[in-house]
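Data first, discussion second: the structure below is written as structure tokens.
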Amino acid sequence: MADTIKAILPEIRGCRICAKHLPHAPRPVVQIGAAAKIIIIGQAPGSKVHDSGVPWQDQSGERLRDWTGLAEKIFYDPTKVALMPMGFCYPGASNGADLPPRPECAPLWHARLLALLPKLSLTILVGIHAQGYYLQGAAKATMTETVRGFAGYGPKLIPLPHPSWRSTGWMRRNPWFEADVLPALRKRVRAALAD
Ligand code: SF4
């Protein structure tokens with residue numbers, strides 16, 4: 001039987017594939033709706049998002065909404081925006097930094113979810129894990145170079161740094177991001193929603 005969003009969401013919520021590697025019981029955090037025009041492919045929930053179960057409901061999310069120009073109401077509207085991290089469950093932390101997303105997750109779920117989103121017109125790849133997985137050989141040697149080369153990936157895809165607190169210093173060192181990438185990003189977001 002063909003997948004449907006109604007059928008796949010409970011399947012994801014019940015996923016225990018990498019439970020033995022996670023610090024808590026799995027709590028997949030994903031937002032998806034068949035009419036979504038934009039998908040944001042991020043890293044993995046942090047501990048705050050694990051607790052709330054609401055994707056990007058933290059300081060990184062505030063920064064991401066500022067970068068994209070998306071008001072909370074639209075950001076959290078699954079008929080407009082899909083939020084699909086590389087790992088759906090909080091992977092834990094080590095030495096004060098979150099661990100990478102579990103590698104089992106994206107190969108297991110992403111293609112099935114993307115097949116249910118026929119109206120997507122903009123894919124936002126947030127951070128090195130999403131960029132490595134989706135750009136593969138087209139990713140540059142560093143995340144900074146990949147983001148700086150955003151125009152080369154076409155109008156339907158845009159790479160961004162992870163909007164963590166670290167991005168504040170990174171933005172100071174890379175003023176072209178605010179001058180060139182953010183205006184293009186906001187323009188593409190507006191166009192995708194109007195599509
Ligand atoms: S991270 Fe992904 S693969 Fe692992 S338990 Fe959660 S939903 Fe399943």
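Table for the structure above
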{"quantity": "Lys/Arg +1, Asp/Glu -1 at C-beta; the chain dipole; positive extreme among VAL189, PHE177, HIS162", "calculated": "VAL189"}
{"quantity": "Selection from TYR153, ILE128, LEU114 lying farthest towards where the dipole of the chain points positive, charges on Cβ", "calculated": "TYR153"}
{"quantity": "Fraction of beta bridges assigned by DSSP in the chain that are antiparallel (%, nearest 5)", "calculated": "20"}
{"quantity": "Accessible-area composition of the chain, carbon plus sulfur, in percent [1.4 Å probe]", "calculated": "55"}
{"quantity": "Average accessible surface area per residue within the chain, 1.4 Å rolling probe, Å²", "calculated": "50"}
{"quantity": "10 Å Cβ shell holding at most 13 others, DSSP loop, trypsin sites (Lys or Arg not before Pro): longest site-free stretch of the chain", "calculated": "17-155"}
{"quantity": "Convex hull volume of the chain per residue (C-alpha atoms, cubic angstrom)", "calculated": "121"}
{"quantity": "Dipole magnitude of the chain, debye to nearest 20 (Cβ charges: Lys/Arg +1, Asp/Glu -1, about Cα centre)", "calculated": "180"}
{"quantity": "The stretch 1-60, dipole about Cα centre (Lys/Arg Cβ +1, Asp/Glu Cβ -1), debye to the nearest 20", "calculated": "80"}
{"quantity": "Count of Lys pairs (Cα-Cα under 25 Å; at least 8 positions apart or interchain) in the chain", "calculated": "23"}
{"quantity": "Estimated 222 nm signal from helices in the chain, with DSSP H stretches of n ≥ 4 weighted -39500 (n - 2.57), rounded to 500", "calculated": "-10500 deg cm²/dmol"}
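The values are calculated or read from the model by the stated rules, or taken from the named source; none is laboratory data. The structure presented is a predicted model; accordingly, all values stated were derived computationally and were not measured. We place every Cβ from the backbone using ideal geometry, glycine too, and count neighbours over all the protein chains shown. Areas reflect the complete protein model, heavy atoms only, side chains present, ligands, DNA and RNA absent. Shrake-Rupley method; radii C 1.70, N 1.55, O 1.52, S 1.80 Å.
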